[in-house]
Amino acid sequence: MAVLVLADHKDGGITQPTRSTVAAAAALGDVHVLLVGEGAAAAAPAAARIAGVAKVLTGAEAPVLAEPLAALLVSMAPGYSHLLAPASASGKNVMPRVAALLDVQILSDISGVVDADTFIRPIYAGNAMATVKSSDAKKVITVRAASFDPAPAEGGSASVEAAPTAADPGLSTFLGAEIVKSERPELTAARIVISGGRAMASSENFAIIEKVADILGAAVGASRAAVDAGYAPNDMQVGQTGKIVAPELYIAVGISGAIQHLAGMKDSKVIVAINKDEEAPIFQVADYGLVADLFKAVPELEAELAK
Amino acid sequence: MKVLVPVKRVVDYNVKVRVKADGSGVETANVKMSMNPFDEIAVEEAVRLREKGVAGEIVAVSCGPNAAQEQLRTALAMGADRGILVEHDGVLEPLAVAKLLKTIVAKEGPALVILGKQAIDDDMSATGQMLAALLGWGQGTFASKIEKEGESLRVTREVDGGLETVSLKLPAIVTTDLRLNEPRYASLPNIMKARKKPIETLKPADLGVDPTPRLSVLKVEEPAKRQAGKKVGSVQELVEKLRNEAKVI
């Protein structure tokens, strides 16, 4: 039986976490990709070119709400053994609803596929990895993108069809969105991430990190402490309750390294920590540690990288 | 309107959990337990809604072991009016909890259920959405702001890239994100008062719910350990290492 991947798309492209989800799904069956929301049709060619995708289905071009989308997925579920989505804000919103409607226990944020019934998922902020076997006939899954190499963006030639339609239960209405436009890469897809912690001391001070980010082509993140203090928006939060990232290079600036932050970045390939407290736990996971005052070191870093 | 707030007893967020030597789970004996932090935000929001005159009675519910009474007392000390404990000693997955809560909702008739967006033990982030599905209610997950407008609820949600606003028909489900509020500390007089507030105890069987888990845990392991690297003496040295040793820039 085929497997269905609910895709996140943006500006006519398919997000990298979605390609990681396709990679996870490919082990389970023929991959069909569902695109819904404004721009779904425009993103369909990009979805069809992803290696390993057999079919692309496009749905309604309207703002995506959990209730009608869950109804659509449930109506499509009989044709699929597994329904997957990236563990993004959208996937985490809708997939548990789908699971409950199908009387299935969701498998959230999986980091490994053992077989069609058995999956690995992090628990306790990634301090333990559980291998769990589902007894449900159908599996509903969200995928931790950082744990799967994305399926190549090119190489596929899937057919594109219209998705079925499902009635909107009329439980909610979309009022609006404020999405920050940024030239920088997405946190969860960036090759380099530079994050600031509470020691940044103000939102204005994040400018010094942003300058380094712009030289490196990096995304900017923040620790929960920095978000709590109001120095950075929640969308930038890296950690157990924010985004999970695994870039090639992660630069932690003024971040002490709380369990909940490490949960979001410890799978990065190379970790750099800049902190003036040499006892900070972040140094226990850092490949390169620099004990220094960030307000001196970060501008120096900018100057050195600009050379 | 009546508000129901489910709360979960979890290993305190400051505890670094240890995986049991036999790989059957994590060590929870003699470990500090607390209310799930996102559930504290849920209780706080319910209390604030009452302070604004929007919410009436606040009922805290916990599904878990007998000791979860402690977390219910915390909710009562923060301002909830009474508690319900659905006592069960084994594993309760989000689907089972959602089924238990559905029966409580049927008994209590709240107009709003506020839950934490995620429990920090199983990290499932599912119970609120599952309860919304089983009840056929609208859901406002990862909320950073909620306002009642007539018979609907305006919810600002944390999404990838920014914020989204939806309007939910009441009754509805909301799950809390970090920035919704900062939970209060219960004052000593309120802790004393909370001791006298009633807690009703039920069993899953009383509610006609089979809480058998759907997932069997085959093993639990430690994640791959990262080795601490080296300290560098200067920014120049750092950049040199990143360029020539790690080759990442």
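Any read-out appearing in this document is the output of simple, stated calculations on the displayed coordinates, not a laboratory observation. These figures come from a predicted structure and were not determined experimentally. Note that each Cβ is placed from the backbone with ideal geometry, even for glycine, and that neighbours are counted across all protein chains shown.
Going by C-beta contacts inside 10 Å, put A:Tyr250, A:Tyr231 in order with the fewest on the left.
Working: A:Tyr250 29, A:Tyr231 22.
Sorted ascending by nearby Cβ count, the order is A:Tyr231, A:Tyr250.
To the nearest µm²/s, what D does Stokes-Einstein give for the range B:67-142 at 20 °C and 1.002 mPa s, using the Kirkwood radius over alpha carbon pairs as Rh? Write out the running numbers ahead of the final one.
Details: Rh = 13.5 Å.
Translational diffusion coefficient: 159 µm²/s.
Per-residue Cβ counts within 10 Å, from other chains only, averaged over A:117-128: what number is that? Show your work: numbers first, answer last.
On the way: counts 2, 3, 1, 3, 4, 2, 12, 14, 6, 2, 9, 13.
Going residue by residue through A:117-128 and averaging, the value is 6.
Largest first and in whole Å, give the semi-axes of chain B's equivalent ellipsoid, each being the square root of 5 times a Cα gyration tensor eigenvalue. Intermediate results must be reported in sequence, preceding the final value.
Working: eigenvalues 254, 118, 71 Å².
Listed largest to smallest, the semi-axes of chain B are 36, 24, 19 Å.
Within 10 Å of each residue's Cβ, count the other Cβ atoms and sort A:Arg224, B:Arg226 from fewest upward. Walk me through the numbers on the way to the answer.
Working: A:Arg224 23, B:Arg226 15.
Going from least to most buried by this count: B:Arg226, A:Arg224.
Need one number: nm distance between label points at B:Asn190 and B:Lys247, each 7 Å from Cα along Cα→Cβ, rounded to one decimal.
5.8 nm
What Kirkwood radius, in Å to one decimal, follows from the Cα pairs of the range A:88-175?
Numbers: mean 1/r = 0.0642 Å⁻¹.
It works out to 15.6 Å.
Going down the list B:Lys32/B:Lys107; A:Lys139/A:Lys266; A:Lys133/B:Lys203; A:Lys55/B:Lys99; A:Lys10/A:Lys243, which pairs span over 25 Å between their C-alpha atoms?
Details: B:Lys32/B:Lys107 33 Å; A:Lys139/A:Lys266 28 Å; A:Lys133/B:Lys203 27 Å; A:Lys55/B:Lys99 35 Å; A:Lys10/A:Lys243 18 Å.
From the list (B:Lys32/B:Lys107; A:Lys139/A:Lys266; A:Lys133/B:Lys203; A:Lys55/B:Lys99; A:Lys10/A:Lys243), the Cα-Cα distance tops 25 Å for B:Lys32/B:Lys107; A:Lys139/A:Lys266; A:Lys133/B:Lys203; A:Lys55/B:Lys99.
Net charge within 13 Å of B:Glu45 by Cβ-Cβ distance, Lys/Arg positive one each and Asp/Glu negative one each, not counting B:Glu45 itself?
Values: positive: B:Arg48, B:Arg50, B:Lys52, B:Lys117, B:Lys145, B:Lys148, B:Arg179, B:Arg184; negative: B:Asp39, B:Glu40, B:Glu44, B:Glu51, B:Glu147, B:Asp177, B:Glu182.
Once all neighbours under 13 Å are counted, the net charge is +1.
For the range A:202-294, which GluC sites (Glu not before Pro) are both in a DSSP coil and crowded by at most 14 other Cβ atoms within 10 Å? Present the calculation step by step, with values, prior to reporting the outcome.
Details: sites: A:Glu204, A:Glu210, A:Glu248, A:Glu278, A:Glu279; in loops: A:Glu204, A:Glu248, A:Glu278, A:Glu279.
Of the GluC sites (Glu not before Pro), the ones in loops of the range A:202-294 whose Cβ has at most 14 other Cβ atoms within 10 Å are A:Glu204, A:Glu278, A:Glu279.
Run the numbers on chain A and let me know its relative contact order in percent, using alpha-carbon pairs under 8 Å that are six or more apart.
Working: 722 pairs, mean separation 46.6, N = 307.
After rounding, I find 15 percent.
Quantify how much of the Cα-Cα distance distribution of chain A extends past 32 Å, in percent.
Within chain A, distances greater than 32 Å cover 31 percent of Cα pairs.
Decide, for the range A:184-266, between rounded, prolate and oblate: order the square roots of the alpha carbon gyration tensor eigenvalues as a ≥ b ≥ c, take rounded if a/c falls under 1.5, and otherwise choose prolate if a/b is larger than b/c, else oblate. If you can, show how the numbers build up before the last one.
Values: a/c = 1.62, a/b = 1.06, b/c = 1.53.
Oblate, because a/c is 1.5 or more while a/b does not exceed b/c.
Would you mind ranking A:Phe119, A:Phe295 by Cβ crowding within 10 Å, fewest neighbours first?
Numbers: A:Phe119 24, A:Phe295 15.
Lowest to highest Cβ neighbour count: A:Phe295, A:Phe119.
Please give me, ordered by residue number, the trypsin sites (Lys or Arg not before Pro) of the range A:1-99 that lie in loop per DSSP and have at most 14 other Cβ atoms within 10 Å.
Numbers: sites: A:Lys10, A:Arg19, A:Arg49, A:Lys55, A:Lys92, A:Arg97; in loops: none.
Of the trypsin sites (Lys or Arg not before Pro), not one in the loops of the range A:1-99 has a Cβ with at most 14 other Cβ atoms within 10 Å.
Would you mind giving the average projected area, over all directions, of the Cα convex hull of the protein assembly as shown in nm² with one decimal? Mind showing how you got there, number by number?
On the way: hull surface 98.2 nm².
Averaging across all directions leaves 24.6 nm² for the Cα convex hull.
Within 14 Å, Cβ to Cβ, of B:Gly64, how many net charges do the neighbouring residues add up to if Lys/Arg are +1 and Asp/Glu are -1? Provide the component values of the computation, followed by the final result.
Values: positive: B:Lys8, B:Arg9, B:Arg73, B:Lys203; negative: B:Asp39, B:Glu70, B:Glu87, B:Asp89, B:Glu93, B:Asp121, B:Asp122.
Net of charged neighbours comes to -3.
Just to compare against my own numbers: the Cα pair-distance distribution for the range B:157-232, 10 Å bins, whole % per bin, please.
10, 14, 22, 36, 13, 4, 0
Just checking the output field for A:229-237: average partner chain Cβ neighbours within 10 Å of each residue's Cβ? Let's see the in-between values first.
On the way: counts 0, 1, 0, 0, 6, 9, 6, 0, 4.
Other-chain Cβ atoms within 10 Å of each residue's Cβ, averaged: 3.
Under 16 Å between alpha carbons, and skipping anything fewer than 8 positions from A:Lys307 in its own chain: which lysines qualify?
Hits, sequence-local ones excluded: A:Lys211, B:Lys241.
Place a +1 charge on the Cβ of each Lys and Arg in the range A:2-162 and a -1 charge on the Cβ of each Asp and Glu, then give the dipole magnitude about the Cα centre in debye, rounded to the nearest 20. Don't jump to the answer; show the numbers that get you there.
Numbers: 11 positive and 14 negative charges, 52 e Å.
It comes to approximately 240 debye.
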